[in-house]
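Participant: Questions regarding the structure given below will be posed in turn.
The values are calculated or read from the model by the stated rules, or taken from the named source; none is laboratory data. Note that the coordinates shown come from a computational prediction; the quantities given were computed from them, not determined experimentally. When we count neighbours, we look across all protein chains shown, and the Cβ atoms used for this are built from the backbone with ideal geometry, even at glycine.
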2 protein chains.
Amino acid sequence: MPNNQFKRGELYSFITGKASTALARRLQKNFKQNGVDITIEQWSVLYHLWKQDGLSQQELCNATFRDKPSITRLVDNLEKLKLVKRVSSKEDRRMNLIFLTETAKRMQDPTMDLANQTLNEALVNVPQADIELCKAVLQQVYDNLK
Amino acid sequence: MPNNQFKRGELYSFITGKASTALARRLQKNFKQNGVDITIEQWSVLYHLWKQDGLSQQELCNATFRDKPSITRLVDNLEKLKLVKRVSSKEDRRMNLIFLTETAKRMQDPTMDLANQTLNEALVNVPQADIELCKAVLQQVYDNLK
DNA sequence: TCGAATTAGTTGCATAACTAACAATATGCC
DNA sequence: GGCATATTGTTAGTTATGCAACTAATTCGA
């Protein structure tokens with residue numbers, strides 16, 4: 001039985017597994033406890049719209065690393081929650097531009113504060129240099145695969 | 001507009017986002033192209049059973065960092081595929097012990113080879129020391145949150 | 001020893017993911 | 001202009017996740 005068959009599998013679970021899941025769940029929990037009633041997936045879309053309003057769905061796909069059907073549904077649900085509105089582009093009528101509602105704009109500061117606080121908890125005892133190296137490794141993994 | 005509101009958000013997407021998604025998708029694609037008809041989530045369960053057969057569902061929860069309903073359903077689907085069997089434990093009748101079928105045992109070598117090959121692709125140009133540091137960072141993040 | 005608390009697993013509900021197939025619009029080449 | 005091709009977004013079907021509520025079996029303490 002070749003035991004080294006399993007060596008890299010452990011790494012797989014590190015990259016795809018526990019830290020990201022734990023962070024996502026903690027963020028979700030903190031949102032809920034503070035009356036922010038959105039999912040972290042919805043947050044990740046709002047996040048990019050807070051940086052720049054009026055992105056197209058395709059641009060949201062690129063920004064969030066999701067495919068088109070995923071963004072369609074996330075925007076559907078955000079529209080149901082009255083947090084965004086689809087506006088058909090006048091230059092290219094295939095495109096929907098996604099705009100924040102006033103409600104969603106008012107959520108930015110408290111929600112980003114909560115998110116940053118959660119990240120701070122997550123990164124206790126992690127030196128900044130290590131964070132940077134970790135980012136570089138994950139970026140390299142991404143580049144290797146794309 | 002406080003732009004540093006977004007500083008840590010970028011890191012969030014690194015930890016939860018693109019590398020892990022890209023790796024999961026590549027692994028799934030490689031499985032499919034080589035006639036391995038299981039999902040990567042199912043693979044992650046088989047992975048631990050290949051290391052040690054006859055784990056309980058709770059042990060699979062701990063090993064894969066999933067909750068109990070997730071494991072219940074993954075085992076349901078693996079049973080439908082005739083890759084595992086639930087056997088009620090004689091010592092503690094609350095427990096199901098999960099055993100691999102012969103079909104699943106025969107899948108181990110080719111499937112682990114494919115997975116390791118994919119991990120090797122993913123880790124091109126990443127020094128071993130950096131991998132270790134990255135693992136340590138993600139472990140610390142996990143410990144900080146659990 | 002009996003009843004409360006704990007533990008293992010299941011079920012229901014909502015959200016989200018990927019794949020594949022599709023419609024509508026835009027582009028580009030002849 | 002007109003048809004092939006590419007791009008943007010939607011729909012359908014399967015799988016997976018999280019949470020909450022639940023059943024059944026076990027353990028522990030008064």
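Participant: Spot the failing condition for A:Asp113; the list is (1) in a helix (DSSP H, G or I); (2) of a type outside the set (Lys, Arg); (3) within 12 Å of DNA strand D (Cβ to nearest atom), and only one is missed.
Facilitator: Every condition holds for A:Asp113 apart from (3).
Participant: Give me the pairs, please: first residue somewhere in region A:70-89 and on the phi > 0 side of the Ramachandran plot, second residue anywhere and surrounded by 15 or more Cβ atoms within 10 Å (Cβ to Cβ) and outside any helix (DSSP H, G or I), beta-carbon distance under 6 Å, and either six or more positions apart or on two chains.
Facilitator: A:Lys82/A:Thr101
Participant: With assigned to a helix (DSSP H, G or I) and either at pLDDT below 90 or in contact with a Cys (Cβ under 6 Å, 6 or more places away or on another chain) (or both) as the only criterion, which of A:Arg8, A:Arg73 stands out? Give the steps one after another, and end with the answer.
Facilitator: Values: A:Arg73 fails: either at pLDDT below 90 or in contact with a Cys (Cβ under 6 Å, 6 or more places away or on another chain) (or both).
After ruling out the rest, the residue left standing is A:Arg8.
Participant: Determine whether A:Arg94 is surrounded by fewer than 16 Cβ atoms within 10 Å (Cβ to Cβ) and part of a loop (DSSP other than H, G, I, E, B). Explain how you work it out, then say what you get.
Facilitator: Numbers: surrounded by fewer than 16 Cβ atoms within 10 Å (Cβ to Cβ): yes; part of a loop (DSSP other than H, G, I, E, B): yes.
So A:Arg94 passes the test.
Participant: Within region A:99-120, can one find any residue that is farther than 22 Å from A:Leu23 by Cβ, touching a residue at least 12 places away in the same chain (Cβ under 8 Å), within 13 Å of DNA strand C (Cβ to nearest atom) and surrounded by fewer than 15 Cβ atoms within 10 Å (Cβ to Cβ)?
Facilitator: no
Participant: Kindly indicate whether A:Asn125 is assigned to a loop (DSSP other than H, G, I, E, B) and at the interface with chain B (Cβ under 7 Å from one of its Cβ atoms).
Facilitator: Numbers: assigned to a loop (DSSP other than H, G, I, E, B): yes; at the interface with chain B (Cβ under 7 Å from one of its Cβ atoms): yes.
Taking the combined requirement at face value, the residue satisfies it.
Participant: Among the residues of region A:53-64, is any small (Gly, Ala, Ser), away from every other protein chain (no Cβ under 13 Å) and in contact (Cβ under 8 Å) with a residue 24 or more places away in the chain? Before the answer, list the steps.
Facilitator: Here is the first cut: in region A:53-64, the residues small (Gly, Ala, Ser) are A:54, A:56, A:63.
Narrowing further to those that are away from every other protein chain (no Cβ under 13 Å): A:54, A:56.
With the extra rule that they be in contact (Cβ under 8 Å) with a residue 24 or more places away in the chain, the set shrinks to A:54, A:56.
Yes: one or more hits.
Participant: Would you confirm whether any residue within region B:40-60 is outside any helix (DSSP H, G or I), within 9 Å of DNA strand D (Cβ to nearest atom) and surrounded by fewer than 16 Cβ atoms within 10 Å (Cβ to Cβ)? Don't jump to the end; show me each part of the working.
Facilitator: To start, the set of residues in region B:40-60 that are outside any helix (DSSP H, G or I) comprises B:52-56.
So of that shortlist, the ones also within 9 Å of DNA strand D (Cβ to nearest atom) come out as none.
Looking for residues that are outside any helix (DSSP H, G or I), within 9 Å of DNA strand D (Cβ to nearest atom) and surrounded by fewer than 16 Cβ atoms within 10 Å (Cβ to Cβ), one finds none in region B:40-60, hence no.
Participant: Looking only at region A:48-65, which residues are within 14 Å of DNA strand C (Cβ to nearest atom) and closer than 25 Å to A:Lys90 by Cα? Spell out how you get there, then give the answer.
Facilitator: Keep residues of region A:48-65 that are within 14 Å of DNA strand C (Cβ to nearest atom), which gives A:48, A:56-58, A:60-65.
Listed by number, the residues that qualify are A:His48, A:Ser56, A:Gln57, A:Gln58, A:Leu60, A:Cys61, A:Asn62, A:Ala63, A:Thr64.
Participant: Consider B:Ala136 carefully, then state whether it is part of a helix (DSSP H, G or I), touching a Gly at 6+ places or on another chain (Cβ under 7 Å) and either crowded, with 16+ Cβ neighbours inside 10 Å or at pLDDT 85 or above (or both). Write out each step before concluding.
Facilitator: Values: part of a helix (DSSP H, G or I): yes; touching a Gly at 6+ places or on another chain (Cβ under 7 Å): no; either crowded, with 16+ Cβ neighbours inside 10 Å or at pLDDT 85 or above (or both): yes.
Spelling it out, it is not the case that B:Ala136 is part of a helix (DSSP H, G or I), touching a Gly at 6+ places or on another chain (Cβ under 7 Å) and either crowded, with 16+ Cβ neighbours inside 10 Å or at pLDDT 85 or above (or both).
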